[in-house]
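Enquirer: Take this structure, written in structure tokens, and hold onto it; I'll ask about it next.
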Ligand code: BEZ
């Protein structure tokens, strides 16, 4: 079992999926990726999550993020379950679900937490940058469905801070003011951020979202 930390290279793998054999890196190409695990097929919370994820695909596409789910059941089971998801969630599942029957990928990504459940994966989320580095890890318990608005919000923050010397404050949403990186002196910040810099404290400087 591997421990994956922020900044590590996301391990590559080949695995069966609802759309056939997949190589993870080939699937991601040179864009961003989001890998999220589900405890099992034909479970209620997972059904709502996958339906929601399918409805959010346009938003992930806009941000150049490829989605890929995982559950520890096989391809035939996934494809039967997908019919139920499409029917009950009024959508079409439009991304692959890894069929991780032998738990190879779950173990590689440390998605099984034995004290929570010995056999099923917890709800892990990994966001992976184009250079294949891991940018975000979140772990939810099986009983809590994920908030896909929050995942998009984090991707907006990650993509903004990858290109600008800023960080995003609590509850930030795209378009709202951001924090100037602490490493930049205020005078330098004023020359970098043409929209202006407000110095609230020497360590707390705000500037309008440079991407908005
Ligand atoms: C669910 O997806 O509904 C679920 C899965 C495992 C445990 C609890 C809930």
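Enquirer: At a 10 Å Cβ-Cβ cut-off, how would you order 49, 150, fewest neighbours first?
Expert: Least crowded to most crowded, the residues run 150, 49.
Enquirer: Dimensions of segment 55-127 along principal axes (Cα, Å, largest first)?
Expert: Principal-axis extents of the Cα atoms in segment 55-127, largest first: 35, 28, 18 Å.
Enquirer: Quote the FRET efficiency, to the nearest 0.05, computed for residue 101 versus residue 3 with a Förster distance R0 of 30 Å and r equal to the Cβ-Cβ distance.
Expert: Working from the Cβ atoms, E equals 0.80.
Enquirer: Within segment 169-212, what residues put their amide N at less than 16 Å from the label point 7 Å along the Cα-to-Cβ vector of residue 62?
Expert: Inside the label zone: 173-176, 211-212.
Enquirer: Cα-based Rg of segment 1-155 per 2.2 N^0.38 Å, rounded to two decimals?
Expert: Details: Rg = 14.1 Å, N = 155, 2.2 N^0.38 = 15.0 Å.
Scaled against compact globular proteins, the figure is 0.94.
Enquirer: Considering the Cα trace of segment 108-196, what is its radius of gyration and what is Dmax, both in angstroms?
Expert: Considering segment 108-196 through its Cα atoms, Rg and Dmax are 17.3, 55 Å.
Enquirer: Related question: Once every Cα of segment 79-160 carries one equal point scatterer and solvent is ignored, give the base-10 log of I(q)/I(0) from the Debye formula at q = 0.11, 0.15 Å⁻¹, two decimals.
Expert: Values returned for q = 0.11, 0.15 Å⁻¹ are -0.39, -0.74.
Enquirer: When the convex hull of the C-alpha atoms of segment 1-71 is computed, what volume per residue in Å³ does it have? Could you put the intermediate results ahead of the total?
Expert: Numbers: hull volume 8.5 nm³, N = 71.
Each residue corresponds to 120 Å³ of Cα convex hull volume.
Enquirer: Based on the Cβ-Cβ distance from residue 183 to residue 150, what FRET efficiency comes out when R0 is 30 Å, to the nearest 0.05?
Expert: 0.65
Enquirer: In addition: Can you sort 8, 131 from fewest to most other Cβ atoms within 10 Å of each residue's own Cβ?
Expert: 131, 8
Enquirer: Given the Cα-Cα distance of residue 45 and residue 204 and 0.36 nm per residue of separation, how much length would full extension add, in nm?
Expert: Full-extension gain reported as 53.2 nm.
Enquirer: Counting other C-beta atoms within 10 Å, which of 143, 17, 211 has the fewest, and how do the rest follow?
Expert: 143, 211, 17
Enquirer: Please state the relative contact order of the chain as a whole percent: Cα pairs under 8 Å, 6+ residues apart?
Expert: Working: 376 pairs, mean separation 44.9, N = 212.
Normalised by residue count, the contact order of the chain is 21 percent.
Enquirer: Anyone know which of 125, 134, 197 comes out most mobile in the 10 Å Cα GNM of the chain?
Expert: Top of the fluctuation ranking is 197.
A short reminder: the numbers here are calculations on the coordinates, not readings from a lab. Small disclaimer: the values here were computed from a predicted structure and weren't measured. Positions of Cβ are backbone-derived with ideal geometry, glycine not excepted, and every protein chain shown enters the neighbour counts.
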